[in-house]
Structure formats: C-alpha cells, structure tokens
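See below for the structure under consideration.
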C-alpha cells in the first residue's frame, strides 16, 4: 500500500502589501514592549509580531517627544497646497471678464448684423453721434 504525497498550493503575490499601524496599535505595542523585563523577552515579542527594532525605537522617540501625530501613518506623495484667497478672487475675476468679453463680442456682432439688414432693406439708421 503506497501513500500519495499531499502537496499544498501556496499563492505568492507579486508585491507584498505594506503593513500600517494605527497610533493606538503603536501605543499598545509600546506598552507591551515596556512591560518586557526578562532577558530575550523583548526580542521574542518583536519576532512574534514581525516588527523591527528600528520601528520600535522610532515609535518610542515619537512617544517621548509627545508627538502622537508622528505615530500615525504618513500620507505619501506631495503635500496639497491650499490656494490663497487672492488667487481664488483673481481666478473668479478673470472668468467674469472673459464672460463679459464674450457677451460684448456677441452684442457687437448683432449690431453689425442689424446694420447690414437695414442696408439691405433700405432703412436709414441714425448715426452714432445722433440720438434717435
């Protein structure tokens, strides 16, 4: 009687996911790490949680400086620039000016059209310096 070997398929991802800890998780881990008093106990805790000693050191430094925000995960990428109120007002004024220019061009085109229609129909329009 022969026993067939049992193989388990393991799935390997292309790129491992980065772990992120919340500030509460970091503070809780720091409390557990501070409670370690025996030789090798802290190393065993770090291995069991899969945390590097450099991370523990930076978390302790941030906690000692009172930087609880430093314990939160940092956003990646460039920081968002808050637009200045004057820049916003300038942009609004530029939009209003462009809108007014477009209306003025339409009005001038209509006046020109009225002049051409009056010439075709033989209607005498008052001159620009005369009042009707």
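Values quoted throughout were computed directly from the atomic coordinates according to the rules given, and no laboratory measurement underlies them. Worth saying up front: this structure is predicted, and the values here are computed from it rather than measured. Because the Cβ atoms are built from the backbone with ideal geometry, glycine has one as well, and the counts that use them run over all protein chains shown.
Points worth noting:
- The chain, helix-only ellipticity at 222 nm - DSSP H runs n ≥ 4, -39,500 (n - 2.57), divided by all residues, nearest 500: -18000 deg cm²/dmol
- Label-to-label distance, residue 44 versus residue 105, with points set 7 angstrom from Cα along the beta-carbon direction: 8.0 nm.
- Tilt relative to the chain, helix 53-64 - C-alpha long axis, 0 to 90 degrees, to 10: 70
- Kirkwood Rh in Å, taken over segment 23-71 so that all alpha-carbon pairs contribute: 11.0
- Cα-Cα separations in the chain greater than 20 Å, expressed as whole percent: 75
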